[in-house]
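S.K.: Sharing a structure, written as structure tokens. Questions coming.
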Amino acid sequence: VVDEDVDIYNIEDVLWALTTRVNPKEDILTICEGGFGQTFQPAERSSAGDRQWTQSNIRFSGAMGIDATRPFIHKDAFERARYNVEVVDLAKFYSPEQIRQAKAGQRDYAKFLAERGI
């Protein structure tokens with residue numbers, strides 16, 4: 001689970017939330033195994049046995065949930081820092097060729113950070 005400031009369709013955003021907002025001791029939830037129910041993991045299905053046995057004896061192998069939201073009482077302390085990348089005029093400091101070369105050499109993660117002002 002992430003907050004509204006994280007784009008769930010962007011893996012870089014999700015990884016950022018996981019690395020900056022998750023306390024492993026408190027925010028990773030483990031759901032105990034052993035309950036009756038539907039098998040979701042391929043490993044559960046392959047080891048479940050024949051169809052008749054599977055229909056009556058399926059046990060859930062467990063699950064995990066991760067809370068990557070800002071702690072409610074400390075929401076202000078977990079605001080994402082942003083820099084005004086729009087106000088910096090690179091042309092004041094570098095030639096067009098230098099800017100082009102620098103951008104061409106950037107990896108995707110550096111581009112992601114630069115575009116968002118992180």
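S.K.: Output the number of the condition that residue 25 fails; it satisfies all remaining conditions of (1) loosely packed, with under 11 Cβ neighbours inside 10 Å; (2) outside the structural domain of residue 7 (by TED's automatic domain parsing); (3) modelled with pLDDT of 85 or more.
M.R.: Result: residue 25 passes all but (2).
S.K.: Next question. Among the residues in the stretch 36-48, are any modelled with pLDDT of 80 or more, over 29 Å from the mean Cα position of the chain (by Cα), farther than 22 Å from residue 2 by Cβ and exposed (fewer than 10 other Cβ atoms within 10 Å of the Cβ)? It would help to see each step written out before you state the result.
M.R.: Taking the stretch 36-48 as the starting set, the residues that turn out to be modelled with pLDDT of 80 or more are none.
There is no residue in the stretch 36-48 that is modelled with pLDDT of 80 or more, over 29 Å from the mean Cα position of the chain (by Cα), farther than 22 Å from residue 2 by Cβ and exposed (fewer than 10 other Cβ atoms within 10 Å of the Cβ).
S.K.: If the Cβ limit is 7 Å and pairs must be 6+ apart or interchain, which residue in the stretch 5-16 that is loosely packed, with under 15 Cβ neighbours inside 10 Å pairs with which residue that is part of a helix (DSSP H, G or I) and among the β-branched types (Val, Ile, Thr)?
M.R.: Pairs found: 8/14.
S.K.: For the stretch 59-114, what are the residues that are surrounded by 10 or more Cβ atoms within 10 Å (Cβ to Cβ), at pLDDT 85 or above, over 17 Å from residue 16 (Cα atoms) and basic (Lys, Arg)?
M.R.: 100, 103 - these are the residues of the stretch 59-114 that are surrounded by 10 or more Cβ atoms within 10 Å (Cβ to Cβ), at pLDDT 85 or above, over 17 Å from residue 16 (Cα atoms) and basic (Lys, Arg).
S.K.: Collect the residues in the stretch 69-118 that are aliphatic (A, V, I, L, M), part of a loop (DSSP other than H, G, I, E, B) and within 20 Å of the chain's Cα centre (by Cα), keeping them in residue-number order. Give the steps one after another, and end with the answer.
M.R.: Step one: of the stretch 69-118, the residues aliphatic (A, V, I, L, M) are 73, 77, 81, 85, 87-88, 90-91, 99, 102, 104, 110, 113-114, 118.
This time we only want the ones that are part of a loop (DSSP other than H, G, I, E, B), so: 81, 88, 118.
Answer for the stretch 69-118, where residues must be aliphatic (A, V, I, L, M), part of a loop (DSSP other than H, G, I, E, B) and within 20 Å of the chain's Cα centre (by Cα): 81, 118.
S.K.: Taking the stretch 1-25 as the region of interest, how many residues are aliphatic (A, V, I, L, M) and in a helix (DSSP H, G or I)? Quick ask: steps written out before the conclusion?
M.R.: Residues of the stretch 1-25 that are aliphatic (A, V, I, L, M), as a first pass: 1-2, 6, 8, 11, 14-15, 17-18, 22.
The next check asks that each one be in a helix (DSSP H, G or I); those that pass are 11, 14-15, 17-18.
Residues meeting the conditions: 5.
The values are calculated or read from the model by the stated rules, or taken from the named source; none is laboratory data. This structure is a prediction, so every number in the text was calculated from the model and none was measured. Using ideal geometry, Cβ is built from the backbone for each residue, glycine included, and neighbour counts are taken over all protein chains shown.
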